[in-house]
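*Asks:* Handing you a structure now.
Coordinate-derived values only; no laboratory data. Everything quoted here is computed from the prediction, not taken from an experiment. Because the Cβ atoms are built from the backbone with ideal geometry, glycine has one as well, and the counts that use them run over all protein chains shown.
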Amino acid sequence: MIPGSFDYHRPTSVDEAVGLLAGHAGNALILAGGHSLIPMMKLRMAMPEHLIDIQDIASLSSIEVSGPQIEIGANVTQAELIASEDLEQHCPILRETSLQIADPQIRNVGTLGGNVANGDPGNDMPAIMQLLDATYVLSGPDGSREVKARDFYEAAYFTTRDEAEMLTSIRFTAPPAGHGSSYMKQKRKIGDYATAAAGVVLTMSGDTCASASIGLTNVADTPLWAEDASNALIGTTLDDAAVSAAVDAAKAITDPAADGRGPAEYRTHVAGIMVQRAIQAAHQRAN
Amino acid sequence: MNVHADTKERVEKLQGLGSSRKRVEDARFTQGAGNYVDDIKLPGMLFGDFARSPYGHARIKSINKDAALAVPGVVAVLTAEDLKPLNLHYMPTLAGDVQAVLADEKVLFQNQEVAFIVAEDRYIAADAADLVEVEYEELPALVDAFKAMDDDAPLLREDIKDKMEGAHGPRKHHNHIFHWEEGDEAGANQALADAEVTVEEMITYQRVHPCPLETCGCVASMDKINGKLTLWGTFQAPHAVRTVASLITNIPEHNIRVVSPDIGGGFGNKVGVYAGYICAAVASIVTGVPIKWVEDRIENLSTTAFARDYHMTGKLAATRDGRITGLHCHVLADHGAFDACADPTKFPAGFFHICTGSYDIPVAYCGVDGVYTNKAPGGVAYRCSFRVTEAAYMIERMIDVLARKLDMDPAELRMKNFIRKEQFPYTSALGWEYDSGDYHTAMDKALESVDYKALRAEQQENRAAFERGDTRKLMGIGVAFFTEIVGAGPVKNCDILGLGMFDSCEIRIHPTGSAIARLGTISQGQGHATTFAQILATEIGIPAEDITLEEGDTDTAPYGLGTYGSRSTPVAGAATAMAGRKIRAKAQMIAAYLLEVHEGDLEWDVDRFQVKGNPDAHKTMKEIAFASYNQAIPGLEPGLEAVSYYDPPNMTYPFGAYICVVDIDVDTGVTDVRSFYALDDCGTRINPMIIEGQVHGGLTEALAIAMGQDISYDEIGNIRGGSLLDFFLPTAVETPLWQTDHTTTPSPHHPIGAKGVGESPNVGGVPAFSNAVHDAFAHKGLTHTQMPHDHWRVWETARKLGLTG
């Protein structure tokens, strides 16, 4: 629980941070809230020679809402996501999910950028960004580029981000007014990763489901966008058969590891229950 | 002035027995001003860290220190080879075994200490620990206690392979530690053979760890000028550590000073002597500078004293109408790689023979076989050297299993078999003399408080609703009634390494009427500085706030056996009262002189001696204290001091009735604790607020153990649950509202009637939770499942019963 030695940098601009990353390519890591990275360093599973703390980069701390277009800076904390009235109005699943991340002390420091960028399948926001079809903005030595959240994750802790790039913001289109959403997470205790969790956003047209998108957390080595499960709901009245079909489709794409939360079979089962309950809750909230 | 009001005011001013006085310790703890081991900083201090084994069982082929020694700032790297010339590569355990300080030729559990690095700072030490090159030859690991004594089981302890006479009698196998038994086996078997009804279950109490907020650590400082070794450490028994340190280092005991500063929770995790202490002391003796060693969380969870790991096969015999006629129990005890328990010499399974519990069982037998496995040593924490918790879990689960078989309400079955009030003092079939109890009154109060009948009626409705498909939740009601055995203890029965388990208190009254008391115990959060001052306040009439309590420094405190096993109040609390009475006896003589009356003409009144029938003629304790220092009183020595070493005549037997209600979501296994009612009878209550706090804490531990904690090992000996990523430590969110209650049945042999309470909720809480979970499925035929009752295991139970898919 004692980290190796490292040099500490505290840039004040994205350019400066990217310059440091590029200058120490492969030996530098970005420190945001630190809730994933610092434990990894204490376990010596991560031993960066350079730690680039981005908390003083002011440009990464804003939440921009213009019409349905939302852009959230990488340094925005979970506490700030919870406090944002704009987000509560346009995309309440962010608040609901943030409230299920650890405890207030952690949410005061943990950032959205850190949560989605480091590729930990236990983190909650990646599945939400996938179901919202969000876009990640990455800055590197050659400028910035955009990557879909659905294309970003390759394996546990492996993403398409180049080691000289940093994630600077997240963009997405808010679901239409009247949508219903829910994030259902089963965990052993506050602060634990999910045994399984599911997020659902859907819209209703009368009694019929007009659109649906489902994301799954911690039931594979990446977050999962459950496309088939989502499609199984569209055009239905969200009757038992449709929900059951969505649950089965969602379970089919899970591949959880057996761990202290239970065997793989159980975690897949719980994923199904979370999907079912999230659909029900989202349905109730939709109008 | 109204005499009655005056007396009341004086009593309140004392803040003595029964007062919910605020904890005096909290002023510093809540302001971050405690002084823990890791706060100690001495000039020139170096830091220690261990290179540890990645394997559960392996032979050490070679160790190369060169790379570690080459790190700038590394002062020394110690291995077993360095300790051998000092005969310190093994140390005696408190259970009569020996334990490797640094692995000698073999490693026997994952994270075992292999080399000790001494460096100029903590970070350099950790860097160098990674660079100690050890070549291992992996050996088959033994992690299943049930296979420990198989013919082909791997030989773990090569160091004692020819020593088939253990500390507790003959060993049957190279992995066998001891067999111990108590009671009448033939009689118990006969009762089972003759019984109308019998039940049998194998009940495992899984390996857990108390995970105190502060981990273990020490600072060792050898002063080469005066030859004195000072050890600051997280020691629950500082005097015992001093004696052990003297015996193993050959440093005379007067040249060793052991200090326990503030301790952030002990729970038995800090009773034992650990490799880090020995290595730090050796390194300080060699280098002449202070050495600090403080373990991290993973080291704490994976190497220092665990709790439980008991596999208990219980059998009950009963009549068809629910009268228990006999108990037979055999235990397979997994002690890990070394037997590092801290039992009294006579009792290698502690007080497991309290396993007849609160019931009048005419004939009983228990036998325990201890075995070695490739797991961390310990078996000390959570009063587990005394094994009362395991015994209570076994009998309280077995009573519920019997109730199912008889189709009888579990509360009713308990009431039917309780030891009755008029039977106390009661001698159990396994030989304990229970001092006092009134179980029926306690149980009646508990059942009434929770409206047990209404709960059972609600449960019937819930079950019907479940069958109709109106709910997916099942309600469970857990009843547990425990009898504790604490206050170790009478020197004739109880010792640690041959040291009798008395305790002590020394009191000095200052001329201005305030006082200092020193005890042989050491608080780890129990609030001794608060409660022992209250005992004294009532005994000697000096306000608690004017009494300083000091513990934990062997140079100043009288010899004592420390704090664990809920023994401080029963033993040191008694010593405090007895020392107080000596003070009062002398004070009476002084008062008689001052008032010019015969001692027999005086009576004690709250804070003074007064002439019988003439309360205006009196001398307060404050006046007496001053007189004791400034007047030459014929026949009396000056000053006002006393010391008492108290050897209790018996243990004390606190008890309680706990009732837990849970709601189980059968589709996820998530179990919500709806309510938890805990009635504790710990005899005379010194500080109700502190008792309540201790009960809250112990119940939270019980929740953690019953519902989630599990330190297990995979087939090659890798520890699972060795970090807080996986080890279940509940937060306030998971912790239900505790409803506490009490009855008061004083101990007849304790000077103030107090019995001890710290561990009761852990003892009684676990079976209450477990019984509640089982009760939810009882109507579906469930008798027993193993803990922890975490989400997936509960779901698995529901699935096996066909309730979910």
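*Asks:* Hey, how many Å between the Cα centroid of region B:673-738 and the Cα centroid of region A:120-143?
*Replies:* 39
*Asks:* Plugging the Kirkwood radius over Cα pairs into Stokes-Einstein for the protein assembly as shown, at a temperature of 20 °C and a viscosity of 1.002 mPa s, what D comes out in µm²/s?
*Replies:* Numbers: Rh = 32.0 Å.
Answer from the Stokes-Einstein relation: 67 µm²/s.
*Asks:* With unit charges on the beta carbons (Lys and Arg positive, Asp and Glu negative) and the dipole taken about the Cα centre of chain B, which residue among B:TYR658, B:TRP180, B:PRO751 sits farthest to the positive side?
*Replies:* Of the options given, the answer is B:PRO751.
*Asks:* Please give the average number of partner chain Cβ atoms lying within 10 Å of the Cβ of each residue in A:35-45, rounded to a whole number. Spell out each step's value before the answer.
*Replies:* Working: counts 0, 0, 0, 0, 3, 0, 0, 4, 4, 3, 0.
Going residue by residue through A:35-45 and averaging, the value is 1.
*Asks:* Sort by residue number and name the cysteines in chain B that have no neighbouring cysteine Cβ under 4.7 Å.
*Replies:* B:CYS211, B:CYS216, B:CYS218, B:CYS279, B:CYS341, B:CYS355, B:CYS384, B:CYS494, B:CYS505, B:CYS660, B:CYS682 - these cysteines have no disulfide-compatible partner (Cβ-Cβ under 4.7 Å) in chain B.
*Asks:* Semi-axes of the equivalent ellipsoid for region B:1-40, please: Cα gyration tensor eigenvalues, times 5, square-rooted, ordered largest first, whole Å.
*Replies:* On the way: eigenvalues 273, 13, 10 Å².
Sorted largest first and rounded, they come to 37, 8, 7 Å.
*Asks:* Per the Cauchy relation, a quarter of the hull surface: what is the mean projected area of the convex hull of the alpha carbons in region B:539-641, in nm²? The partial results should precede the final answer.
*Replies:* Details: hull surface 31.9 nm².
One quarter of the hull surface, i.e. the mean projection, equals 8.0 nm².
*Asks:* Apply the Karplus parameterisation 6.51 cos²θ - 1.76 cosθ + 1.60, with θ equal to phi minus 60°, to every residue of region B:776-781 and state each ³J(HN,Hα) to the nearest whole Hz, in sequence, with x for glycine and proline.
*Replies:* Per-residue couplings from phi come out as 4, 10, 4, 5, 9, x Hz.
*Asks:* Also, I was wondering about something else. What is the set of long-range amide H partners of B:PHE777 at a cut-off below 5 Å, with H atoms built 1.01 Å from backbone N?
*Replies:* none
*Asks:* Quick check: the angle from helix A:14-23's long axis to the longest principal axis of chain A, C-alpha only, nearest 10 degrees?
*Replies:* Long axis of A:14-23 versus the principal axis of chain A: about 70 degrees.
*Asks:* Further question: Could you list B:SER568, B:SER53, A:SER139 in order of exposure, starting from the residue whose Cβ has the fewest other Cβ atoms within 10 Å? Numbers along the way, then the final one.
*Replies:* Values: B:SER568 32, B:SER53 23, A:SER139 20.
Arranged by neighbour count, lowest to highest, B:SER568, B:SER53, A:SER139 become A:SER139, B:SER53, B:SER568.
*Asks:* When Lys and Arg each count +1 and Asp and Glu each count -1, what net charge do the other residues less than 14 Å away from B:VAL75, Cβ to Cβ, add up to? Mind dumping the intermediate values first?
*Replies:* Values: positive: B:LYS65, B:ARG122, B:LYS292; negative: B:ASP49, B:ASP82, B:GLU120, B:ASP121, B:ASP127.
For residues surrounding B:VAL75, the net value is -2.
*Asks:* With a bin width of 10 angstrom, please list the P(r) values of region B:647-805 as percents of all Cα-Cα pairs, from the 0 bin to the one holding the largest distance.
*Replies:* 10, 34, 29, 19, 7, 1
*Asks:* What is the sum of charges around B:ASP223, taking Lys and Arg as +1, Asp and Glu as -1, for the other residues whose C-beta is under 15 Å from the C-beta of B:ASP223? Intermediate values should be presented prior to the final figure.
*Replies:* On the way: positive: B:LYS224, B:LYS228, B:ARG257; negative: B:ASP555.
With Lys, Arg at +1 and Asp, Glu at -1, the neighbours total +2.
*Asks:* Kindly put B:LYS421, B:LYS346 in sequence by how many other C-beta atoms sit within 10 Å of each C-beta, fewest to most. Let's see the in-between values first.
*Replies:* On the way: B:LYS421 14, B:LYS346 11.
Lowest count first: B:LYS346, B:LYS421.
*Asks:* Over what distance in Å are the Cα centres of region A:194-258 and region B:1-60 separated?
*Replies:* 52
*Asks:* Continuing with this model, one more query. Calculate for chain B the 222 nm mean residue ellipticity that helices alone would give, adding -39,500 (n - 2.57) per DSSP H run of length 4 or more and normalising by residue count, nearest 500 deg cm²/dmol.
*Replies:* Numbers: 19 runs with 222 residues, N = 805.
Using -39500 (n - 2.57) per qualifying helix, the result is -8500 deg cm²/dmol.
*Asks:* Another question about this same structure. Non-local amide H neighbours of A:GLU154 (under 5 Å, H modeled in plane, Pro and chain starts lacking H): which ones?
*Replies:* Hits under the 5 Å cutoff: A:THR159, A:THR160.
*Asks:* Also, I was wondering about something else. If you put +1 on each Lys and Arg Cβ and -1 on each Asp and Glu Cβ, how big is the dipole of chain B around its Cα centre, in Debye rounded to 20?
*Replies:* Details: 71 positive and 110 negative charges, 176 e Å.
Its charge dipole is roughly 840 debye.
*Asks:* Sequence-distant or interchain residues sharing an amide H contact under 5 Å with B:ALA617, placed H: which?
*Replies:* B:VAL611
*Asks:* Further, regarding this structure: How big is the Kirkwood radius of region A:1-140, worked out from every pair of different alpha carbons and given in Å to one decimal?
*Replies:* Details: mean 1/r = 0.0634 Å⁻¹.
Over region A:1-140, the inverse of the mean reciprocal pair distance is 15.8 Å.
*Asks:* Under 24 Å Cα-Cα from B:LYS346, which lysines qualify once same-chain neighbours fewer than 8 residues away are excluded?
*Replies:* The qualifying lysines are B:LYS161, B:LYS163, B:LYS172, B:LYS270, B:LYS492, B:LYS755.
*Asks:* Of B:LEU213, B:PRO238, B:PHE267, which is farthest on the positive side of the dipole of region B:194-287, counting Cα position, with +1 on Lys and Arg Cβ, -1 on Asp and Glu Cβ, and the Cα centre as origin?
*Replies:* Selected residue: B:PRO238.
*Asks:* Compute the helix-to-body angle for A:264-285: its Cα long axis versus the longest principal axis of chain A, expressed 0 to 90° and rounded to tens.
*Replies:* The angle comes out at about 70 degrees.
*Asks:* Might you report the magnitude of the Cβ-based charge dipole of region B:318-403 about its Cα centre, with Lys and Arg at +1 and Asp and Glu at -1, to the nearest 20 debye? Please report the intermediate quantities before stating the final value.
*Replies:* Values: 7 positive and 9 negative charges, 9 e Å.
Rounded to the nearest 20 debye, it is 40 debye.
*Asks:* While we're looking at this one, here's another question. Based only on Cα atoms, what mean projected area does the convex hull of chain A have, in nm²?
*Replies:* Values: hull surface 56.5 nm².
Averaged projected hull area, Cα only: 14.1 nm².
*Asks:* Short version: ³J(HN,Hα) in whole Hz for each residue of region B:226-234, in order, from phi by Karplus 6.51 cos²θ - 1.76 cosθ + 1.60 (θ = phi - 60°), x for Gly and Pro, what are they?
*Replies:* Rounded to whole hertz, the list is 9, x, 9, 9, 10, 10, 8, x, 7.
*Asks:* Right, something else. Convert 20 °C to kelvin, take the viscosity as 1.002 mPa s, use the Kirkwood radius over C-alpha pairs of region A:58-173 as Rh, and evaluate the Stokes-Einstein diffusion coefficient in µm²/s, rounded to a whole number.
*Replies:* Details: Rh = 14.1 Å.
Rounded, D is 152 µm²/s.
*Asks:* Right, another one. Taking the Cα centre of the protein assembly as shown as origin, work out the dipole magnitude from +1 charges on Lys and Arg Cβ and -1 charges on Asp and Glu Cβ, in debye rounded to 20. Each step should come with its number before you reach the end.
*Replies:* Numbers: 90 positive and 145 negative charges, 363 e Å.
So the magnitude is around 1740 debye.
*Asks:* Sort B:HIS618, B:HIS4 by Cβ crowding within 10 Å, fewest neighbours at the top. Present the calculation step by step, with values, prior to reporting the outcome.
*Replies:* Details: B:HIS618 18, B:HIS4 8.
Fewest-to-most Cβ neighbours within 10 Å comes out as B:HIS4, B:HIS618.
*Asks:* Treating the angle as unsigned and between 0 and 90°, give the value, to the nearest 10°, between the Cα long axis of helix A:240-252 and the longest Cα principal axis of chain A.
*Replies:* That works out to roughly 30 degrees.
*Asks:* Something else: Given B:ILE278, B:ALA100, B:ALA768, which one lies farthest toward the positive end of the charge dipole of chain B, if we put +1 on the Cβ of every Lys and Arg and -1 on the Cβ of every Asp and Glu?
*Replies:* Comparing the listed Cα positions along the dipole, B:ALA768 ranks first.
*Asks:* With 10 Å bins from zero, work out the P(r) of region A:181-285 over every alpha carbon pair and list the percent per bin.
*Replies:* 18, 51, 24, 6, 0
*Asks:* Hey, what's the Kirkwood Rh for region B:70-182 if you take every pair of different alpha carbons, in angstrom?
*Replies:* Over region B:70-182, the inverse of the mean reciprocal pair distance is 16.4 Å.
*Asks:* Here's something else I'd like to know. Taking the mean number of other Cβ atoms within 10 Å as a proxy for protection, how do you rank B:651-661, A:268-278 from highest to lowest? Spell out each step's value before the answer.
*Replies:* Numbers: B:651-661: 28.9, A:268-278: 25.4.
Per-residue mean Cβ counts within 10 Å order the peptides as B:651-661, A:268-278.
*Asks:* Which whole-Hz ³J(HN,Hα) couplings does region B:471-483 yield from phi under the Karplus relation 6.51 cos²θ - 1.76 cosθ + 1.60, θ = phi - 60°, glycine and proline marked x?
*Replies:* Each residue of region B:471-483 in turn: 8, 10, 10, 10, 9, x, 10, x, 10, 9, 10, 10, 10 Hz.
*Asks:* Tell me the net charge near B:ARG674. Cut-off is 12 Å between Cβ atoms, B:ARG674 excluded, with +1 for each Lys or Arg and -1 for each Asp or Glu. Mind showing how you got there, number by number?
*Replies:* Values: positive: B:LYS473; negative: B:GLU458, B:ASP663, B:ASP672.
Net charge around B:ARG674: -2.
*Asks:* Please give the Cα centre distance for region B:158-175 versus region B:437-505, rounded to the nearest Å.
*Replies:* The distance from the Cα centre of region B:158-175 to that of region B:437-505 comes to 39 Å.
*Asks:* With viscosity set to 1.567 mPa s and temperature to 4 °C, compute the Stokes-Einstein D of chain B, Rh being the Kirkwood radius across alpha carbon pairs; µm²/s, no decimals. Numbers along the way, then the final one.
*Replies:* Working: Rh = 27.9 Å.
Translational D for this selection: 46 µm²/s.
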